[in-house]
Amino acid sequence: MLTRVYRIAVDNIDEGSVRECCEIVSRGGIVVFPTETVYGLGASAYNGEAVKRIFIAKNRPMDNPLIVHISNKKQLYEVVEEVPEKIARAIDVLWPGPFTVLLRKGPRVAQEATANLPTVAVRMPAHPVALRLIDCAGPIAAPSANISGRPSPTTGFHAMVDMFGRADAIIDSGETLYGVESTIIDATSKPMKLLRPGAMPVEKIAEVLGEEIIITPEARGYRESERALAPGMKYKHYSPETPLILVEYREDVEKMVEDVIRVVEEVGGTGKKVAVIASSETFHRYKGLADKVLVYGSRKNVFEVARNLFKILRELDREGVDIAIVEGVEEKGLGLAVMNRLRKASSKVVKYHQNLYIPGHNSIQT
Ligand code: AMP
Ligand code: MG
């Protein structure tokens, strides 16, 4: 398939290009488009056959539902059954933005988009190109524009690496603002529940709603949910090819990382290459100890860490190392989303009060 690529500047939107992409969507095509979080791969939310093509292009399990993206409030009432008063007030404040809300699904939305669930996840993205495209094409169902299991694309180039030859068109509008996906709240449960932490801090959403939001261990990225409530939680996500060990945050996380480097090198034997992904405050400690050191940003600026996260995970695979160790961040604000992604991306999570045990080899006690 020949994929058409459009470069659309955020501050100077070429209406002709938007119209062409809109026509592709209207004819049942699938289009990569930018949002303020990550790039999405979209199809008309009302066209089941088109939505099916997204799953095939991404190699995504059919039981993992998509988010329906809208550009105005009228569309909201087209895609859901009803909007509770509280939610209507909250979206006035939070939309457009990286806040996705789960409501009961309206009849027009294709079953394929919601994996046959009675609920639909909806959001209005804060990206002028996305909004123009949706204005023209109507509600667009879209997951992130990566091959299933890979880190989400935060640049047009990343989206191209994964989707060229798979999507009908790709809109490249440069780097996204947040670099992690939207925050998903289930408004059909009582009390409301966080399904996925993301670019909008859950603390802020709870404040606007004036309600408590339950944060489960699954939402922190710890355990895979056995239940079919949010099928998206069942899958391995965001993973680089390189095996990744996450060291959970604590004040002196760098000491723990140093221990883990030593254990990994002992276990791996000579010649195995180790990378560390760390903060701008701590990276210097690993120079000489690890083969490669990558910096995800400042510990004091978790917005920056979130923004760089998927880019770094993609870069890691080009560093030629056998294993990588990443420093955790504090689980506050956007830190909750960062830790959710890191826990899902890593093959091993190390906590300071636990042993790091690698079968048949070694263990460390701290
Ligand atoms: P992605 O944009 O690739 O992160 O995919 C959208 C995510 O939204 C999925 O992984 C699901 O976890 C979540 N989602 C979408 N619709 C629903 C729904 N009806 N119920 C629960 N989770 C949903
Ligand atoms: Mg995704």
Review point. Out of the stretch 70-101, which residues are within 16 Å of ligand 2 (Cβ to nearest atom) and out of contact with any Gly (no Cβ under 7 Å at 6 or more places or on another chain)?
Key: Thr100
Exercise for review: Please find, within the stretch 183-205, the residue that is surrounded by the most Cβ atoms within 10 Å (Cβ to Cβ) out of those that are part of a loop (DSSP other than H, G, I, E, B) and more than 16 Å from ligand 2 (Cβ to nearest atom).
Suggested key: Met200
Exercise for review: Kindly list the number of the only condition in (1) surrounded by 22 or more Cβ atoms within 10 Å (Cβ to Cβ); (2) within 13 Å of ligand 1 (Cβ to nearest atom) that fails for Ile171.
Suggested key: (2)
Practice item. Being of a type in the set (A, V, I, L, M, F, W, C), farther than 18 Å from Ala50 by Cβ and either free of Cβ contacts under 8 Å to residues at least 12 places away in the same chain or within 14 Å of ligand 2 (Cβ to nearest atom) (or both) is the filter here, so list the residues in the stretch 124-158 that pass it. Key: Ile147
Exercise for review: Scan the stretch 15-37 for residues that are surrounded by 14 or more Cβ atoms within 10 Å (Cβ to Cβ) and assigned to a loop (DSSP other than H, G, I, E, B) and jot them down.
Suggested key: Gly28, Gly29, Ile30, Pro34, Thr35, Glu36, Thr37
Point to revise | Failed item, numbered, when Tyr6 is tested on (1) more than 29 Å from Val208 (Cβ to Cβ); (2) away from ligand 1 (no atom under 16 Å from the Cβ); (3) under 24 Å from the mean Cα position of the chain (by Cα); (4) without any contact (Cβ under 8 Å) to a residue 60 or more places away in the chain | key: (4)
Check your understanding: Given the conditions (1) surrounded by fewer than 22 Cβ atoms within 10 Å (Cβ to Cβ); (2) away from ligand 1 (no atom under 11 Å from the Cβ); (3) charged (D, E, K, R), and given that Arg104 satisfies all but one, which numbered condition is not satisfied?
Key -> (2)
Review point. Does the stretch 3-14 contain at least one residue that is over 30 Å from Glu304 (Cα atoms) and not in a strand (DSSP E or B)?
Key: yes
Review point. Just a yes or no: is a residue in the stretch 27-39 over 20 Å from Thr155 (Cβ atoms) and among the polar types (S, T, N, Q)?
Key: no
Exercise for review: Would you check which residues across the stretch 113-123 are surrounded by 22 or more Cβ atoms within 10 Å (Cβ to Cβ) and either away from ligand 2 (no atom under 16 Å from the Cβ) or more than 21 Å from Pro61 (Cβ to Cβ) (or both) and list them?
Suggested key: Val120, Val122, Arg123
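Just to be sure I understand, how many residues within the stretch 1-19 are touching a strand residue (DSSP E or B) at 6+ places or on another chain (Cβ under 7 Å) and of a type outside the set (Phe, Trp, Tyr)?
6
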Practice item. Return yes when Val180 is more than 17 Å from the chain's Cα centre (by Cα), assigned to a loop (DSSP other than H, G, I, E, B) and within 22 Å of Val31 (Cα to Cα) and no when it is not. Key: no
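Only the coordinates and a few stated rules stand behind these numbers; no lab work does. Since this is a predicted model, take the numbers as computed values, not measurements. Here the Cβ is made from the backbone with ideal geometry for all residues, glycine too, and neighbour counts use every protein chain on show.
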